[in-house]
1. For the chain, with all protein chains present and a 1.4 Å probe, just round the carbon and sulfur fraction of the accessible area to a whole percent.
2. Take every Cα pair under 8 Å in the chain that's 6+ residues apart, average their separations, divide by the length, and report that relative contact order as a whole percent.
3. Counting other C-beta atoms within 10 Å, and keeping those with at most 13, which DSSP coil trypsin sites (Lys or Arg not before Pro) do you find in the stretch 1-55?
4. So, by mean Cβ neighbours within 10 angstrom, what's the order for 73-80, 56-63 with the highest one leading?
5. Give the residue from VAL45, ALA63, ALA80 lying farthest towards the positive end of the charge dipole for the stretch 40-85; charges sit on Cβ (+1 for Lys and Arg, -1 for Asp and Glu) and the dipole is referred to the Cα centre.
6. Enumerate the calculated ³J(HN,Hα) couplings along the stretch 30-45 in order (Karplus 6.51 cos²θ - 1.76 cosθ + 1.60, θ = phi - 60°), each rounded to whole Hz, writing x wherever the residue is Gly or Pro.
7. Which value in nm describes the separation of the simple spin-label points at ARG90 and ALA20, placed 7 Å from the Cα toward the beta carbon?
8. Each residue of the stretch 10-23 in order: what ³J(HN,Hα) in whole Hz does its phi give by Karplus 6.51 cos²θ - 1.76 cosθ + 1.60, θ = phi - 60°, with x for Gly and Pro?
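The values are calculated or read from the model by the stated rules, or taken from the named source; none is laboratory data. Quick caveat, the model's predicted, so the values are computed rather than measured. FYI the Cβ positions are ideal-geometry reconstructions off the backbone, even for glycines, and counts take in every protein chain you see. All accessible areas refer to the heavy atoms of the entire protein, side chains included, with ligands and DNA or RNA removed. Shrake-Rupley method; radii C 1.70, N 1.55, O 1.52, S 1.80 Å.
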Amino acid sequence: MNECKVTFHPVFVEAIKNAAELEEERARLQMVMEKSTFERVRRIVEAQPAEKRAAYYGTICEATCAGQDFSSVESLKDIADIYARFIIGRAFET
């Protein structure tokens with residue numbers, strides 16, 4: 001019996017892992033955010049470099065779950081400002 005072992009190039013494997021992580025983070029955010037807000041945020045995030053998108057979705061999800069409101073964001077700067085306030089607030093919580 002002949003055995004064939006299929007292997008994939010490490011770059012391909014990494015790309016698949018990154019795509020899966022991106023989809024997971026995007027889906028997680030979509031579950032916790034109002035549809036219109038999610039669509040606005042998604043457009044902003046998807047305009048960013050591909051390698052940063054999963055991290056953006058993850059941090060926005062974290063802040064959303066903690067009660068931050070992203071409903072009026074229009075730019076990445078707006079998102080960054082909300083997230084910065086969230087991190088500072090969390091750092092000084094007692």
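1. Working: 3820 of 6840 Å².
The C+S portion of the solvent-accessible surface of the chain is 56 percent.
2. 27
3. LYS5
4. 56-63, 73-80
5. About the Cα centre, the residue reaching furthest to the positive side is VAL45.
6. Taking θ as phi minus 60°, the curve returns 4, 6, 10, 10, 4, 4, 5, 5, 4, 5, 5, 5, 4, 4, 5, 5 Hz for the stretch 30-45.
7. Here the answer is 2.5 nm between the modelled labels.
8. Ordered by residue, 3J(HN,Hα) equals x, 5, 5, 4, 5, 5, 5, 4, 5, 5, 5, 5, 4, 5 Hz.
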